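Nothing in this text is a laboratory measurement; each read-out follows from the coordinates by a stated rule. Just so you know, these numbers come straight off a predicted model, no measurement behind them. Virtual Cβ from ideal backbone geometry, glycine too; neighbours counted across all protein chains shown.
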Amino acid sequence: MVETITLTRPDDWHLHLRDGDVLRDIVPHTAARFARAIVMPNLKPPVTTTEQARAYRERILKAVPSGMSFNPLMTLYLTESTPAEEILRARDSGIVKAVKYYPAGATTNSDSGVTDMRRVYPVLEVMAREGMPLLVHGEVTDPSVDVFDREAVFIERVLLPLLSDIPTLKVVFEHITTRHAVDLVMQTPDRLGATITPQHLLMNRNAIFRGGLNPHHYCLPVLKREQHRLALVKAATSGDARFFLGTDSAPHARTAKETACGCAGMYSANAAIEFYAQVFDEVGAMDRLEAFASCNGPDFYGLPRNTDTITLERKPWRVPSVLGYGREELVPMAAGETLSWRLV
Ligand code: NCD
Ligand code: ZN
């Protein structure tokens, strides 16, 4: 008999869907696995208003195949000129669930981001009052700070001051990559949560250089040392309610990755829950996958857990080596490799 596991349908609490023709190629991957996803606002131009978020959400919904249901949870891109009223509009809309902080210049399409967290404190005060979570890309951009240390330095310079200056703001430390971030979340009361990606659980920074330079293993925050990967695996599989699933699946066309200056981002949506199952299985923690994937996220956001289920079976399958992406190609994470769990 094939071994199977049935879980409450999971959600993806950090996802990039892009816009336009490619939506039809990628939205079905997420909708097949997840009921909801927190959709990142780093389009060109960024999604800074509730009206833009509403229109973007409609375009995403048009790309959901008939017979599937998927609820995109929208976010606003925080800029230094986001007015407090926009937070109230977002709250009233019912479709915007969080606001995203990008340090200016930290990652893909972050030019309109924030240069100094203190400049947005007035808006963050309003968010704290309204219970609107702040999603943080936690890296400093100071060119004198080593790229592998940007998260640890961000904790000291930006996040600790923020947590003490606005003590009632709910914060999600997105795509954490270091033991420093794990320790901070463990030491902070429940208002600080963290998402963890499949790539940071499955790979360390050697993956970028194995046998030559691998542009498909370049994402931000960049992969870290093995000791950090182990800390992330321990946190994700611990059952601690503050850690939850967020893929940071971030598609870039093959031509934008395999080039002299390749874009940051890995695409994992076509095998997302399968990757996490692999991680949990490897450490004998399959019984905790549901908490991480299906319970901790909605509990943190104050949303109901899903009521339907998905089933995974232990049956090896090969991740496709390439996927369609509009008129281009998309090389997914672990392209051509074999995974042990498959979605039924
Ligand atoms: C993301 C993207 O491509 O939009 N890239 C990435 O490497 N994760 C942006 C981000 O989340 O940093
Ligand atoms: Zn992201």
Exercise. Listed highest first by mean packing, meaning other Cβ atoms within 10 Å per residue, what order do 28-35, 190-197, 308-315 come in?
Worked result: 190-197, 28-35, 308-315
Seminar exercise, completed: Counting only residues 5 or more apart in sequence or on a different chain, those whose built amide H sits under 5 Å from that of Arg36 are Asp12, Asn71
Seminar exercise, completed: Across Leu232, Leu23, Leu245, the residue with the highest GNM fluctuation in the chain (Cα network, 10 Å cutoff) is Leu23
Exercise. Of Phe292, Phe244, how do they rank once you tally other Cβ atoms within 10 Å and put the fewest first?
Worked result: Phe292, Phe244
Exercise. Kirkwood Rh, Cα Rg: Rg to Rh for the range 10-307?
Worked result: 0.93
Exercise. Per the Kirkwood definition applied to all pairs of different Cα atoms, how many angstroms is the hydrodynamic radius of the range 216-344?
Worked result: 16.1
For this session: Kindly write out, for the range 304-314 in residue order, the coupling ³J(HN,Hα) from the Karplus curve 6.51 cos²θ - 1.76 cosθ + 1.60 (θ = phi - 60°), rounded to whole Hz, with x marking Gly and Pro.
Result: x, 6, 5, 9, 8, 10, 10, 10, 10, 10, 7
Problem set entry | Built amide H within the under 5 Å cut-off of Ser249, gap 5+ | His16, Ser268
For this session: List, in order, the whole-Hz ³J(HN,Hα) value for each residue of the range 187-199 obtained from phi through the Karplus relation with A = 6.51, B = -1.76, C = 1.60 and θ = phi - 60°; use x for Gly and Pro.
Result: 8, 9, x, 4, 7, 10, x, 8, 9, 10, 8, x, 5
Exercise. What list do you get for Leu124, Leu323, Leu213 if you sort them by fewest beta carbons within 10 Å?
Worked result: Leu213, Leu323, Leu124
Exercise. Given H placed on each backbone N at 1.01 Å, which residues far from Ala98 in sequence or on other chains put an amide H within less than 5 Å of it?
Worked result: Leu76
For this session: Please turn the phi angles of the range 202-210 into ³J(HN,Hα) values with the Karplus equation 6.51 cos²θ - 1.76 cosθ + 1.60 (θ = phi - 60°), one per residue in order, whole Hz, x for glycine and proline.
Result: 9, 10, 10, 5, 4, 4, 6, 10, 5
For this session: Counting other beta carbons within 10 Å of each Cβ, put Arg150, Arg210, Arg342 in order, fewest first.
Result: Arg210, Arg342, Arg150
For this session: Using only Cα atoms, locate the centre of the range 205-243 and the centre of the range 36-75, then give the distance between them in Å, rounded to an integer.
Result: 28
